[in-house]
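Only one structure is covered here, and it is reproduced in the block below.
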Amino acid sequence: MLRVCYFNGEPCTADDFKKTITNYGLCYRFVPPSSNLINGTGTTYGLSLILNVEKYDFYSAPRENIGFRISIASKHDIPDLQSSGIDVSTGTQTQITIRKSKVVNLPNPYGECIEEGARSLKYLSGPYTQNKCLMECESEFMVQNCSCRDYYLPGGQNTPFCSPKQISECYLHSYTHFLSMRNEICDCPDECIQEVYKTSMSFSAYPSRGVADIMKVADDIDMITLALGCSISKQSSYDLYDKDVGDVLNLYILNTTRDAMNTVKPAEYQVGNSDMWGCTSLFEFVLYEFVYSIKYIVSSQLLNIMYIGYLYKTDPEYSNDPQYSTEYNSLIYFEIKNITEFYIGEFGLDVNVQSELNKCGAQLYDPEGWNNTMGDQVYDYMFDVIYKDQYVYINDLFVKKLEVLIQENDILELATEFIRDNFARVHVYFETLKVEELIDQPKYKLFSLICDFGGALGLFFGASIVAIFETIDFWLIQGYKRKKSTVEVIAT
């Protein structure tokens, strides 16, 4: 996804991004080195990215739009990307300018906010934020109602994630109810001190034809290779995956399996096609998935190097050297074979095929006449044969498609169109290094109340604090004199 990255005038890599699970899916948070402080404004001192959406690698998506969503937030917070964020489209250059603000809210009795360090979170680390609090509240609500939580919600180790059945039967309905009652359910006030980033955006088309021209002059063929590979993939989809579906593929799998079985047994124990139909579980799904996985891996790897091979083939320096051509083709063949073996193992398909082959062998030759070593030998034979057949077929198909594509099209125009469909350029930078502070002030303090009360008394009664004390003193003296006079009368 990350093709180019610069921050504060220095290159950055994928290692500077941290995986973050959000309510919008898997996102990547940019975490620059602490020593790399921004010391200026404008694109030179910001974050500059060229991103590849890799549309050609996706069969479908959960959303209707294609592009990226970017959020500008404090490093201590987890943004709510479902309700906020900036959508960046492919084929555009997006300039995002930032202004940082510091918001200081007043706690009780003037307002309701959480002072720093006053509340700790149950599951999430770091300082308190309202978004984190709401996520924990949502998690506990879902656990109470559905006994599970969504993939992005925090929770205890014993709290399971929701299964597809729980999501459809309980989670979606409960989530709608939670949104409508969130303010009543959750006690999550704002932080007393908040970092807020105000953004503004501008857009322009990307790329111009000059980008492809520069790549050609600089001998940067990576983008041209991707563009041609994507076009070949679109044109070859039917020939790769649909053309041989049915009896042709069935017969190919059957013959290959029969030949593989016969390699581990002497002539008197050879089996025919009719004998193989008893291994229904092997042919119904396992070998189909095995063959199509090999097709996909081989085609994916060849697409990335077809144009390079074409350049070697047409370059006089290399085309006149048969030995070099043979060595190059052999290197590619075995390199892709190793990659294919690795991914087949990662998918677990090798284990599935070997297991079914052993079942089939035991059924054909009886358990005493079959062992797992034979199954491994049969598997190795089948992998070598299927890989070779698919590699030769796919390579020949792609070479023909590539030659026609180059003859009938402008390569640089294809590269420009490919970049426009898959790439976006983004600049994120500060408009100013000044920080705006928004500080809540009490509208009416106790001292203001006393002043207003004294002013009202002075206005309506001509009174003052001194006059009030003199009045109190006068009445106290009068009361004392009256008490003393009464005592003297009684004594007389």
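Ignoring the sites themselves, what is the longest stretch of the chain with no trypsin sites (Lys or Arg not before Pro) in a DSSP loop and at most 15 other beta-carbon atoms within 10 Å?
In the chain, the maximal stretch lacking such sites is 244-433.
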Using the Cα atoms of the chain, I'd like the radius of gyration and the largest Cα-Cα distance, Dmax, both in angstrom.
37.6, 153
Extension length gain for T326 and L121 (0.36 nm per residue less Cα distance), in nm, is 67.4 nm
Expressed as a whole percentage, what fraction of the accessible surface of the chain belongs to carbon and sulfur atoms when a 1.4 Å probe is rolled over the protein heavy atoms?
54 percent
Pulled fully out, how much extra length does the chain show between A218 and A205, if you take 0.36 nm times their separation in residues and subtract their Cα-Cα distance?
2.4 nm
Accessible area per residue in Å² at 1.4 Å probe, computed on the chain
61 Å²
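How large is the translational diffusion coefficient of region 111-222 in µm² per second when you combine the Kirkwood radius over alpha carbon pairs with Stokes-Einstein at 20 °C and 1.002 mPa s?
Values: Rh = 17.9 Å.
Using the Kirkwood radius from Cα pairs, D works out to 120 µm²/s.
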Return the unpartnered cysteines for the chain, using a Cβ-Cβ cut-off of under 4.7 Å.
C27, C230, C451
Return the whole-Å distance between the Cα centroid of region 1-78 and the Cα centroid of region 91-156.
21 Å
Accessible area, 1.4 Å probe, largest first: how do F423, F58 sort?
F58, F423
Add -39500 (n - 2.57) for each DSSP H run of 4 or more in the chain, then divide by its residues: what number comes out at 222 nm, to the nearest 500 deg cm²/dmol?
-16500 deg cm²/dmol
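The values are calculated or read from the model by the stated rules, or taken from the named source; none is laboratory data. Everything numeric here is computed off the predicted structure, so don't read it as measured data. Every residue, glycine among them, receives a Cβ derived from its backbone with ideal geometry; neighbour counts consider all protein chains shown. Ligands, DNA and RNA are stripped out before the accessible areas are found, and what is left, the full protein with its side chains, is counted by its heavy atoms. Shrake-Rupley method; radii C 1.70, N 1.55, O 1.52, S 1.80 Å.
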